[in-house]
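Engineer: I'd like to ask you about the structure that follows.
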């Protein structure tokens, strides 16, 4: 008779930790017991690898079973996660068929599905159900119900339901009947105006334009010519100043100025606009250029 065996079948895994920054992982599972290591083939399933491989170990006094999932790389392999199982606990429960949690540095790395059993020298699985351990049901299965089955209902079937209660008289007054329509129905609409559109204008049509007084013969003859244009007034000369309500004359500014709007007076503080002086200088240069052109 052989030695007791530790039989382990590694089915698949659901990994939550990824050791590859690019591409998908190529996981394989390593099993170690009593110094002996065995491993599955490399799977191309990424985080959901599948192996379905079975391994056998001679059962010894060692009480620790190591299971780890690794990622195969070109230069170096990386551990995805691992766990340890107690052999005595496996013996007490007759093995294990379940998902086993994997950890890496104390953090969850996923889980692997394993079927673990222990076979003794006789080839039987300790902890398996023993024949006769569970009571055999009595011949005939479940007890036969009493003759007649369920009790027969009383004659007449189900009891007649009580008559529905008569509703109480309404507490609201009966509404008055709607008034009868007036004889003739709706009032006769206003007659439509006779064809012909707008009313005919009064005899004579529009007033005769000749009825208005004619203007006096001719307008006064225009002057022979307009006075020669001397350009814009020179800043500082009459006509180039603005007199505000306060009565203080000041030089006008750029009409687009947001401070004085061309008046030369700051509308907020009532003082002379700071841009007025620059405007005067620019206007003076313009006047000189216009004067030169006119000459």
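Readers should treat all values here as calculations from the given coordinates under stated rules, not as data from a laboratory. Because the structure is a prediction, the values reported are computed rather than measured. A quick note on method: Cβ atoms are made from the backbone with ideal geometry, for glycine too, and the neighbour counts reach across all protein chains shown.
Engineer: Taking the Kirkwood radius as the inverse of the mean 1/r across Cα pairs, report the Rg/Rh of the range 26-117.
Structural biologist: Ratio value, two decimals: 0.96.
Engineer: Subtract the Cα-Cα distance of residue 269 and residue 34 from 0.36 nm times their separation in residues, and report this length gain in nm to one decimal. If you can, show how the numbers build up before the last one.
Structural biologist: Working: separation 235, 0.36 × 235 = 84.60 nm, distance 9.81 nm.
Net length gain for the segment: 74.8 nm.
Engineer: Could you check the spin-label model distance between residue 108 and residue 9? Points 7 Å from the Cα along Cα→Cβ, value in nm.
Structural biologist: In this crude label model, residue 108 to residue 9 measures out at 2.7 nm.
Engineer: Neighbour counts of other C-beta atoms within 10 Å: give me 69, 42, 97 arranged from fewest to most. Mind dumping the intermediate values first?
Structural biologist: Numbers: 69 28, 42 17, 97 12.
With the sparsest Cβ surroundings first, the list reads 97, 42, 69.
Engineer: Pop a pseudo-label 7 angstrom from the Cα along the beta-carbon direction at both residue 55 and residue 284 and give the gap in nm to one decimal.
Structural biologist: Simple spin-label model gives 10.3 nm for this pair.
Engineer: With a 10 Å radius around each residue's Cβ, average the other Cβ atoms per peptide and rank 3-9, 280-286, highest first. Mind showing how you got there, number by number?
Structural biologist: Numbers: 3-9: 17.4, 280-286: 14.0.
Descending packing order for the listed peptides: 3-9, 280-286.
Engineer: Report the FRET efficiency, 1/(1 + (r/R0)^6), for residue 98 and residue 73, where r is their Cβ-Cβ distance and R0 is 30 Å, rounded to 0.05. Before the final figure, lay out each step's value.
Structural biologist: Working: r = 30 Å, r/R0 = 0.99.
With R0 = 30 Å, the Cβ-Cβ based efficiency is 0.50.
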